[in-house]
Amino acid sequence: MPSPESTDTWDARTYRQYADERSRPFLDLLARVDATEPAEAPSHTLLRELAESPQWTDKMEGALRGANSVFDAMVYFRILTEAGLTVDAWETTYLHVLSGQDPVLHWTSGTALRPVLAVLGDADAQAFTSQYAGLLRVAYPADSAGRVILAFRRVFAVARREERV
C-alpha cells in the first residue's frame with residue numbers, strides 16, 4: 001500500500017491503515033478522512049488478537065493499524081471549534097444485516113483484512129483466513145433466519161466558517 005505521504009495515490013482508506021500518521025494536523029485532512037472505526041468491534045479485536053498471537057506476530061510486519069485510529073466525535077468537535085468553525089458532530093452505529101457464507105469475513109476482507117493478507121504468502125494467508133473465519137463465526141452467529149448483524153460505528157463532523165458581515 002502506498003504511504004499517506006504519497007499525495008498522488010493517497011486516500012482516506014489508506015490513511016487509516018497507518019496509525020503513526022494519525023497525529024497529522026486534522027484540518028489538513030478534514031476533506032479526506034472517512035471517519036469509521038470498528039476497532040472495538042469483535043471483527044477487529046479478533047483480527048488483532050489472531051495477528052498478535054505467537055503463530056502470526058512475527059509475520060505481520062506492521063500490517064495492523066492502531067486500535068483507535070478514529071477519535072470520538074467530541075475530539076473532532078473541539079479541534080474544529082478551536083479553529084474558529086461552527087461544528088455539528090455526532091456518532092452513530094449502523095446495524096448491517098448480512099447473509100451468506102462467512103459474511104463478516106467478506107465484509108472485513110475489503111478493509112481491515114487486506115493489509116494483513118498483503119504481508120502473508122498464499123499458504124499463510126489461507127491458514128490465517130481460515131482461523132479468522134472460525135473466530136468470526138463464533139462471534140457473529142446467524143439468527144434463525146440466517147442473518148448476521150454487524151454493528152458498524154461511524155463518526156461525522158460538519159464544520160463551517162460563518163460569513164463575516
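The values are calculated or read from the model by the stated rules, or taken from the named source; none is laboratory data. All values reported here derive from a predicted model rather than from experimental measurement. Note: ideal-geometry Cβ built from the backbone for every residue, glycine included; neighbour counts use all protein chains shown.
Does VAL104 qualify as being surrounded by 14 or more Cβ atoms within 10 Å (Cβ to Cβ), under 29 Å from SER53 (Cα atoms) and in contact with an Asp or Glu (Cβ under 8 Å, 6 or more places away or on another chain)? So VAL104 fails the test. Listed conditions (1) modelled with pLDDT under 75; (2) among the polar types (S, T, N, Q); (3) assigned to a strand (DSSP E or B) are all met by ASN68, apart from (3).
Residue by residue, here is whether (1) touching a strand residue (DSSP E or B) at 6+ places or on another chain (Cβ under 8 Å); (2) touching a residue at least 12 places away in the same chain (Cβ under 8 Å); (3) assigned to a helix (DSSP H, G or I); (4) over 18 Å from PRO42 (Cβ atoms) holds:
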| residue | (1), (2), (3), (4) |
| --- | --- |
| GLN101 | no, no, no, yes |
| LEU117 | no, yes, yes, yes |
| LEU120 | no, yes, no, yes |
| ALA123 | no, no, yes, yes |
| PRO141 | yes, no, no, no |
| ALA145 | no, no, no, yes |
| ILE149 | yes, yes, no, no |
| GLU163 | no, no, no, yes |
